[in-house]
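Encoded as structure tokens, the structure appears first; notes follow it.
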Amino acid sequence: MRAVVQTSYGPPVQITVQDIAAPALKPGHVRLRVHAVGFGFPDALMVAGKYQVKPEVPYTPGSEVAGVVTEVASDVNDIKPGARVLAMAGQGGLAEECIAPAHSIIPLPDSMNMAAAAGFLVNYGTTYHALVQRANIQPGETLLVLGAAGGVGLTAIEIGKALGARVLAAASTPEKLELAKKHGADAVFNYTQDTIKAKVMEFTGDKGIDVAYDPVGADFAEQVVRSMAWNGRYLVIGFAGGKIPAIPLNLPLLKGCSLVGVFWGAHTRKEPPVHAANLKALFELFESGKIKPHVTELAGLERFTEALEVLNTRRSTGKVVIRVASDN
Ligand SMILES: NC(=O)c1ccc[n+]([C@@H]2O[C@H](COP(=O)([O-])OP(=O)(O)OC[C@H]3O[C@@H](n4cnc5c(N)ncnc54)[C@H](OP(=O)(O)O)[C@@H]3O)[C@@H](O)[C@H]2O)c1
């Protein structure tokens, strides 16, 4: 089968499309014919050798996979060949076939196409967990979203709106701000030009923001914490800006606000029933048209280089998805 294979973390990174043997099926696993693979910021970090997991080379990147089950191990009873599913494969996704643990398999609604499915799980799952369990966001509250046209950012606008929040979105270009508006933001601003606190106070009538969703970090984080409302919740999502910020702890004291960590992968392992309920709620939001996955679709395994390029140069919008098989 054809697969993307990384042979060195470099520098420079060595990664090409090769013909390799299909992986062997292991107990507790299923084999998928891969249709589409979501490729996000964490995947780009993994290829660069900067992620918390650093697979031994050679390996095939790609964790978030949408495809069709072609074979199941003899100890797997509840999944049948022919099912359209999404899976968290961990690695090995950027290939014509991959192996995924049976416990990670999620059946797809008929109405969701493979490209949308490949970009769905991590981004919407993270945001739903963040806004519902971690922030306990309430209808009528205000929500600030940074990196608002990025993978998790767009999902925060959509889910925030679906949960009844008023959403203020921040991004770095007019095109990204336009996309944020299209996905439901009530107001937008360019945080590379405008002052975050001034825009927040204008939006909230000087009250400060109730919930802040921050996947960027860097120098924006402290400005956001300085813009929080009393009882506000600042959600630590990620550090796409490249720097892990250090926040002076007098700020949450003075603001009466909370700094709240969000770790979706750990949540799925530690709280499986809550994760399952979140997924059910997300598929219902999808079926009702309240969330509309925006993907940047690249057709063909060879185009993983473009995926890396747009992610590494801050040019992607929504989720980058690599199309491996051409059918739906
Ligand atoms: N906590 C969790 O469980 C969890 C789950 C999923 C993802 N994450 C993390 O969330 C972060 C965002 O992930 P994502 O998949 O949404 O990434 P993404 O699609 O690349 O979006 C990140 C956004 O960050 C902004 N940004 C600011 N400075 C940047 C820089 N130097 N390089 C790249 N982007 C920059 C960009 O928006 P502007 O150009 O508008 O500034 C970009 O759209 C990552 O750190 C990821 O690891 C965390």
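The values are calculated or read from the model by the stated rules, or taken from the named source; none is laboratory data. Everything quoted here is computed from the prediction, not taken from an experiment. A quick note on method: Cβ atoms are made from the backbone with ideal geometry, for glycine too, and the neighbour counts reach across all protein chains shown.
Selection of the range 80-108 for residues being over 27 Å from Asp19 (Cα atoms) and touching a Lys or Arg at 6+ places or on another chain (Cβ under 9 Å) yields Pro107, Leu108. Taken over the range 202-225, residues that are more than 16 Å from the ligand (Cβ to nearest atom) and closer than 20 Å to Arg134 by Cα amount to 4. Reported count of residues in the range 42-96, each being touching a strand residue (DSSP E or B) at 6+ places or on another chain (Cβ under 9 Å) and among the aromatic types (Phe, Trp, Tyr), is 1. Please indicate, with yes or no, whether at least one residue in the range 277-297 is more than 22 Å from Tyr213 (Cβ to Cβ) and surrounded by 14 or more Cβ atoms within 10 Å (Cβ to Cβ). Yes, some residue in the range 277-297 is more than 22 Å from Tyr213 (Cβ to Cβ) and surrounded by 14 or more Cβ atoms within 10 Å (Cβ to Cβ).
The set of residues in the range 294-328 being in contact (Cβ under 8 Å) with a residue 24 or more places away in the chain and near the ligand (Cβ under 10 Å from one of its atoms) consists of Thr296, Leu311, Asn312, Arg314, Ser316, Thr317, Gly318, Lys319, Val320. Scanning the range 57-78 for residues that are of a type in the set (Val, Ile, Thr), closer than 18 Å to Ala24 by Cβ and in a loop (DSSP other than H, G, I, E, B) yields a total of 2.
Within the range 199-221, residues that are on the phi > 0 side of the Ramachandran plot have Cβ atoms under 7 Å from residues that are among the β-branched types (Val, Ile, Thr) and buried (at least 20 other Cβ atoms within 10 Å of the Cβ) in these pairs: Gly208/Val200, counting only partners at least 6 apart in sequence or on another chain.
Checked against the criteria, Arg31 counts as under 27 Å from the mean Cα position of the chain (by Cα), surrounded by 18 or more Cβ atoms within 10 Å (Cβ to Cβ) and among the charged types (D, E, K, R).
Take the conditions (1) part of a loop (DSSP other than H, G, I, E, B); (2) in contact with a helix residue (DSSP H, G or I) (Cβ under 8 Å, 6 or more places away or on another chain); (3) not hydroxyl-bearing (Ser, Thr, Tyr); Pro139 misses just one of them, which is (2).
Can you tell me how many residues within the range 261-274 are closer than 23 Å to Pro215 by Cα and surrounded by fewer than 18 Cβ atoms within 10 Å (Cβ to Cβ)? Final tally of qualifying residues: 8. Within the range 233-248, residues that are within 12 Å of Val211 (Cα to Cα) and free of Cβ contacts under 8 Å to residues at least 60 places away in the same chain sit with their Cβ atoms under 7 Å from residues that are in a loop (DSSP other than H, G, I, E, B) and more than 9 Å from the ligand (Cβ to nearest atom), at 6+ positions apart or across chains, in these pairs: Tyr234/Cys257.
This table checks each residue for (1) of a type in the set (Val, Ile, Thr); (2) over 27 Å from Thr317 (Cα atoms); (3) outside any strand (DSSP E or B); (4) outside the structural domain of Leu301 (by TED's automatic domain parsing).
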position	(1), (2), (3), (4)
Ile15	yes, no, no, no
Gln18	no, yes, no, no
Leu25	no, yes, yes, no
Leu86	no, no, no, no
Ile99	yes, yes, no, no
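In this structure, Tyr128 qualifies as modelled with pLDDT of 95 or more and among the aromatic types (Phe, Trp, Tyr). Reported count of residues in the range 159-201, each being in contact with a Leu (Cβ under 9 Å, 6 or more places away or on another chain), part of a helix (DSSP H, G or I) and more than 13 Å from the ligand (Cβ to nearest atom), is 6.
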